[in-house]
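The values are calculated or read from the model by the stated rules, or taken from the named source; none is laboratory data. Please read all numbers here as calculations on a predicted model, not as lab measurements. Neighbour counts run over all protein chains shown; Cβ positions are idealised from the backbone, glycine included. What goes into the accessible areas is simple: the full protein's heavy atoms, side chains included, and nothing from ligands, DNA or RNA. Shrake-Rupley method; radii C 1.70, N 1.55, O 1.52, S 1.80 Å.
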Amino acid sequence: MAQEHNKPAKSTWLTSPWVILANVSLGTFMSTLDGSIANVALPTIAGELSAPIHVVQWVLTAYLLTICATLPIMGKISDMFGRSRIYNYGFLIFAIGSALCGISGSLGLLIGSRILQALGAACLMSNSQAIIAEVFSSKGRGRAMGITGTMVSLGSLTGPGIGGILVEHLGWTSIFWINVPIGIFGFIAGWFILPKDRNRKEQQPFDYTGSTLFMVGMVAFLYVISGGQDWGWLSPTVWIGGGLSLVVLILFYLWEKRTRYPMLDFSLYRIPAFAIGNITALLSFVALFFTNVLMPFYMHDVLGFSPAKTGYTMMVYPLVMAVVAPISGWLSDKIGSYSLTTAGLIVNALAFGLLNTLSTNESAWMVGLHLGLFGLGGGLFQSPNNSSIMGSVSRDKLGTAGGLNALVRNIGMVLGTSLSISIYSSRLSYLRPLSSGEPEAALHALHTVFWTAMGICLLALLVSVQRMRVKPRQAKPGHS
């Protein structure tokens, strides 16, 4: 009888939480990497496929929009049918989508393949934190979240650097082909490594109406935000499109409140640690993507760095984070999340302030030193914040919570990208006639962007300090 409980007893090392963490880290890194790896390849793709750059931009946008539209849905499906199963299928879908991207001879096929790839990424992203929260006890959860947080950061921030090297030496299709063997390996390993899903006897009906409303509303809203700079923020397209998307999202909220089996459980936001963690994560990613998007502009347009030099300098940020995040996760298990998240946001706010001291003549190591501060702040903040969010919900809601946590991260990326480019472009066009040259105008426009990001970071800090009022042990029901 005892053997029934311990199914994989023949190879106990496979059931180790740390082996499971390795598999989950692989999926997390791969899915987040592809959110930014295509950035540097867009000009090359535009040339080879004979398409204008604003249309080629959909290679990136379609991926992010699909993830944002499907993350909570994948989280709900995982709670219904099994997290390990849906997560592992994510590897397979991602690998198939990547292979189709690699053989794409037209822009339409490439964008369609990116959407399929994003569906696989949503399966991976919505379940990675949930699986970790389930297999690790409260003692080791912070350290494990620190490692997955590192993978998120490494994936998100090393994309441009890795993409630039691959495109230069192996061509643009290599950024997609590299995922195929990794995805197949992850799928085969996950089949044996991931914890077996419990049988769910009481299957809840799927909320098709809520899911449709959410996808339509979210895609429309983010589409308007992404295109606002091109159309003009005061144009009828933006106002009408934005208004209609908000109406659909309000209808979605009202439907979810009244339906018996909602796709998105809004009651989770009544848990203080969950609500505070998600809001601060959203604001933090909005601010940090101001840096991720516009620091390459500073290095290229103002300092005259080559693409390779820019890529290597940008790598300082994720490398520092890779060191700090696991340590802060380990510390959060011992001292809680409050002091670490607060310190991380303070460091980030100071780092944005220091960016405004950079001039039109800086060395790569000086720029790297400034970017390293963001790695320190992000590493201090993200791991304890993720651990706090996932530790605040019951076991049966882990998939939904993980999906929502990944959703706010991706919405933050989209908003940060759109908002920073919009502020930079409008400010640059205003300053050009008033400045002595293009580098000076670009630098002053960047200062406006960085002061704005500092303000967003301080707003996140104001929200985050509310954790002090949350009782330390309030939030771990249903965990081992």
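Taking region 185-212 only, how many residues are at pLDDT 85 or above and in contact with a Lys or Arg (Cβ under 8 Å, 6 or more places away or on another chain)?
Residues that pass the stated criteria total 0.
Considering only residues that are surrounded by fewer than 20 Cβ atoms within 10 Å (Cβ to Cβ) and either outside any helix (DSSP H, G or I) or at pLDDT 80 or above (or both), which ones fall in region 224-237? Break it down into steps so the answer makes sense when it comes.
Start the filter on region 224-237 by keeping residues that are surrounded by fewer than 20 Cβ atoms within 10 Å (Cβ to Cβ), which leaves 227, 229-237.
Residues satisfying the conditions are Gly232, Trp233, Leu234, Ser235, Pro236, Thr237.
Can you name every residue in region 21-38 that is modelled with pLDDT under 75 and open to solvent by 10 Å² or more (accessible area, probe 1.4 Å)?
Keep residues of region 21-38 that are modelled with pLDDT under 75, which gives 35-36.
Listed by number, the list holds a single entry, Gly35.
Taking region 280-302, which residues are out of contact with any Ser or Thr (no Cβ under 8 Å at 6 or more places or on another chain), more than 20 Å from Pro384 (Cα to Cα) and aromatic (Phe, Trp, Tyr)?
Phe297, Tyr298
Only residues in region 70-83 that are farther than 14 Å from Phe214 by Cα count as the first member; pair them with residues that are open to solvent by 10 Å² or more (accessible area, probe 1.4 Å) and modelled with pLDDT of 80 or more, Cβ under 7 angstrom, at least 6 apart or cross-chain, and list the lot.
Qualifying pairs under 7 Å: Ile77/Ile86; Ser78/Ile86.
For region 450-477, give me each residue that is open to solvent by 50 Å² or more (accessible area, probe 1.4 Å) and at pLDDT below 90.
Within region 450-477, Gln466, Met468, Arg469, Lys471, Pro472, Arg473, Gln474, Lys476, Pro477 qualify.
For region 253-269, does any single residue satisfy the condition of being of a type in the set (Gly, Ala, Ser) and closer than 24 Å to Asn385 by Cβ?
Step one: filter region 253-269 for residues of a type in the set (Gly, Ala, Ser), giving 267.
Next cut, closer than 24 Å to Asn385 by Cβ only: 267.
The answer is yes; a qualifying residue exists.
Looking at region 109-124, is at least one residue of a type in the set (S, T, N, Q), within 15 Å of Asn179 (Cα to Cα) and at pLDDT 85 or above? If you could, list the steps in order and put the result at the bottom.
Step one: list which residues in region 109-124 are of a type in the set (S, T, N, Q), which gives 113, 117.
If we keep only those that are within 15 Å of Asn179 (Cα to Cα) as well, we get 113, 117.
Going one step further and asking which of them are at pLDDT 85 or above, we end up with 113, 117.
Yes, that holds for at least one residue.
Can you name the residue in region 274-304 that is surrounded by fewer than 24 Cβ atoms within 10 Å (Cβ to Cβ) and either of a type in the set (Gly, Ala, Ser) or outside any helix (DSSP H, G or I) (or both) and is also nearest to the chain's Cα centre (by Cα) among such residues?
Ala275
Output yes when any residue across region 125-137 is touching a Pro at 6+ places or on another chain (Cβ under 6 Å), over 13 Å from Asn179 (Cβ atoms) and at pLDDT below 80, and no when none is. Steps first, please.
Applying the first criterion (touching a Pro at 6+ places or on another chain (Cβ under 6 Å)) to region 125-137 yields 135-136.
Subsequent filtering for residues that are over 13 Å from Asn179 (Cβ atoms) retains 135-136.
Narrowing further to those that are at pLDDT below 80: 135-136.
Looking through region 125-137, at least one residue is touching a Pro at 6+ places or on another chain (Cβ under 6 Å), over 13 Å from Asn179 (Cβ atoms) and at pLDDT below 80.
Condition check ((1) modelled with pLDDT under 85; (2) open to solvent by less than 10 Å² (accessible area, probe 1.4 Å); (3) touching a Pro at 6+ places or on another chain (Cβ under 9 Å)) across all residues:
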| residue | (1), (2), (3) |
| --- | --- |
| Val19 | yes, no, no |
| Val40 | yes, no, yes |
| Thr44 | yes, no, no |
| Ile53 | yes, no, yes |
| Leu60 | yes, no, no |
| Thr66 | no, no, no |
| Phe81 | yes, no, no |
| Ile96 | no, no, no |
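Just wondering, is there one or more residues in region 421-435 that are at pLDDT 75 or above, closer than 23 Å to Leu154 by Cα and surrounded by fewer than 23 Cβ atoms within 10 Å (Cβ to Cβ)? Give the steps one after another, and end with the answer.
First, the residues of region 421-435 that are at pLDDT 75 or above: 421-431.
From what is left, the residues that are closer than 23 Å to Leu154 by Cα are 421.
Okay, now just the ones that are also surrounded by fewer than 23 Cβ atoms within 10 Å (Cβ to Cβ), so 421.
Yes.
Checking Ala343 against (1) more than 24 Å from Ile37 (Cα to Cα); (2) in contact with a Ser or Thr (Cβ under 7 Å, 6 or more places away or on another chain), which single condition isn't satisfied?
The one condition Ala343 does not meet is (2).
If we scan region 3-10, do we find a residue that is at pLDDT 80 or above and either open to solvent by less than 60 Å² (accessible area, probe 1.4 Å) or not charged (D, E, K, R) (or both)?
Let us first name the residues in region 3-10 that are at pLDDT 80 or above, namely none.
No; the residues of region 3-10 include none that is at pLDDT 80 or above and either open to solvent by less than 60 Å² (accessible area, probe 1.4 Å) or not charged (D, E, K, R) (or both).
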